[in-house]
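Read through the structure below, which is laid out as structure tokens, and then see the notes.
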Amino acid sequence: MEVCDASISESPLLGGGEDMVEGMVDYKGRRVIRSKSGGWRSASFIIGVEMAERFAYYGIASNLISYLTGPLRQSTATAAANVNAWSGAASMFPLLGAFVADAYLGRFRTILFSSLLYVLGLGLLTVSAILPSPSFPHNQNTKDHRSCLQFQIILFFVSLYLVAIAQGGHKPCVQAFGADQFDGRNPDECKSKSSFFNWWYFGFSGSSFISLLILNYIQDNFNWVLGFGIPCISMVAALVVFLLGRKTYRYSSKQDNSNPFLRIAQVFVAAARNWRTTPSTAAVVKEEEARILLPRHGTYQFKFLDKALAMVSSDQYGSDENWKMCSISQVEEAKVVLSLVPIWATCLIYAVVFAQSSTFFTKQGLTMERSITPGFEIPPATLQSFISIAIVVFIPIYDRIIVPIARAYTGKPSGITMLQRIGTGMFLSLISMVVAAIVEKERLKVARDSGLVDMPQVTLPMSVWWLVPQYVLFGVSDVFTMVGLQEFFYDQVPNGLRSMGLSLYLSIFGIGNFLSSFLISVIEKATSRGGQDSWFANNLNRAHLDWFYWLLAGLSVIELILYLYFAKSYIYNRVSAI
């Protein structure tokens, strides 16, 4: 992360001795005065925007499976696959959003347009809930009624993916834009910048908790029109708050239009094209430049990419200079990104496991005793709030207790390395799957012993609090793995690729959700042959989610072994990360 250094020279004093912020302008494109722009005043607007956006997003995402299996009458397996596919898309779109912001629109415009698209998507989602539901009686199954229902389903999914696209532009830009309001070259603002990330995460977790607590109850006990309409209103409020701070923000005066994905791709294409070059057609790299490629940052591991540095005759590939020779910095960027691939790949099962908290865990809770007082039941999706509670409670414990103890044994400032932190969370994720399998086995036993196997609508005499430990383990594992992954993919890439690094971190959970959806579809087809009940039967009392959880636990063991192998051989790109 950025280091505060009081020795760093501050921006020059211009215009009547006022302290100007170098590289930043106001909303009219003029250089900004430090005391009259940015800082906590601007950051407060942006934290408020993020809280409203997360409130809206989790109001949709956390209980989506209940809407699909309820009003839309989808099977449990189909609904879970659809939720995973949508969550995966929502985690992949930030790759596009970060590219558009960095290369074309800038962060402010990307946030603005994404917010407008967000409001449109949530508005259409609310409209889709107003239309006639597929749960209407069959005697109304006329041609016009079927057409109306088909239109409702199409409108629902179009709206849902508009929301995914919108948050893809919103998510990678808002936090970075908030950090832009603090000047890292100023000692005081640098300290405030570090504090900003703490308050940002606090607001993120708090708004998610409120959304799970309030919106899930409204959706389950009142109606879905209100359950979708309130997030829409929240996003409108976010847009208003964002615009209210427009005159106070600092905007970057520098726009880098280079495409990091293209720069990396050029290295691989150039290396492939130059694979058969001979010494007579290749230029000798200058000795002082070649020293850059010596074992530094571990990039010497992928020497085959050095072919991208070879100069070839102009008549061999025509005038396509970009694709026949790359700069040393480009090659080094490609090597660094390539070194992250094994860590990225071995974290995918962790993302598959994490996807279950908003799908099958919720469906399990729906079958269990959820009453707190007579007439008041906990919405099953609200149990996801225990993930947020565990995160908020455990972060101070980790920072104030675990790190100092680990520091005393290891002598490292951070207590443990980033990769050790990630691996610890993966182990806890494995334990959460074991606990989930044991709890589900007990739930099925209660159903059999109570004679309720073939009565899925009857609540089982088993408290929903049995599910709390697996949610808490998810939250604690997040403190290790999720935060560790954010820091790792931010810290281990070159400065010019940090947006790309964070996008790669998000893509883990996008691909993980797609893998979860694929895995569920394959198991559903394989286990339902011959008229048998599949592992994901609509009647969960005849399903075998426990077997699925054991399968995920087994895959997690394999993943952890592979991760430990690659983590042990990984060479950090910065000494401070060790």
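If you roll a 1.4 Å probe over the heavy atoms of the protein chains, what accessible area per residue do you get for segment 427-578, in Å²?
Details: 6780 Å² over 152 residues.
Accessible area per residue: 45 Å².
Once the Cα-Cα distance is subtracted from the 0.36 nm per residue extended length, the residue 410 to residue 130 segment shows a gain of 94.9 nm. Residues whose amide H comes within less than 5 Å of that of residue 186, counting only those at least five positions distant or on another chain, are absent (H built at 1.01 Å from N in the peptide plane). The figure for residue 435 is an accessible area of roughly 40 square angstrom, using a 1.4 Å probe on the protein chains alone. Counting heavy atoms of the protein chains alone, residue 263 has an accessible area of about 50 Å² for a 1.4 Å probe.
Around the amide H of residue 538, modelled in the peptide plane, lie the amide H atoms of 76, all under 5 Å away and 5 or more residues distant in sequence or on another chain.
Normalized C-alpha radius of gyration of segment 338-569, against 2.2 N^0.38 Å?
On the way: Rg = 19.5 Å, N = 232, 2.2 N^0.38 = 17.4 Å.
Normalised by 2.2 N^0.38 Å, the Cα Rg of segment 338-569 equals 1.12.
Residue 153 contributes about 60 Å² of solvent-accessible surface, heavy atoms of the protein only, 1.4 Å probe.
For a 24 Å ceiling on Cα separation, which of these pairs sit above it: 307/335; 412/568; 36/171; 335/412? Could you put the intermediate results ahead of the total?
Details: 307/335 12 Å; 412/568 17 Å; 36/171 27 Å; 335/412 27 Å.
Among 307/335; 412/568; 36/171; 335/412, the Cα-Cα distance tops 24 Å for 36/171; 335/412.
In this rough spin-label picture, where each label sits 7 Å from Cα along the Cβ direction, the residue 522-residue 303 distance is 3.7 nm. When you restrict to C-alpha pairs under 8 Å that are six or more residues apart and normalise by the size of segment 338-569, the relative contact order lands at 33 percent.
Just the number, please: carbon plus sulfur as a percent of the accessible area of segment 338-569, 1.4 Å probe, no ligands or DNA/RNA counted. Before the final figure, lay out each step's value.
Details: 6500 of 9770 Å².
Summing carbon and sulfur atoms, their accessible area is 67 percent of the total for segment 338-569.
Modelled this way, with points 7 Å down the Cα-to-C-beta line, the labels at residue 153 and residue 75 are 1.4 nm from one another.
The values are calculated or read from the model by the stated rules, or taken from the named source; none is laboratory data. Everything numeric here is computed off the predicted structure, so don't read it as measured data. Cβ atoms come from the backbone with ideal geometry, glycine included; neighbour counts cover every protein chain shown. Please note that ligands, DNA and RNA were not included when accessible areas were found on the heavy atoms of the full protein model with its side chains. Shrake-Rupley method; radii C 1.70, N 1.55, O 1.52, S 1.80 Å.
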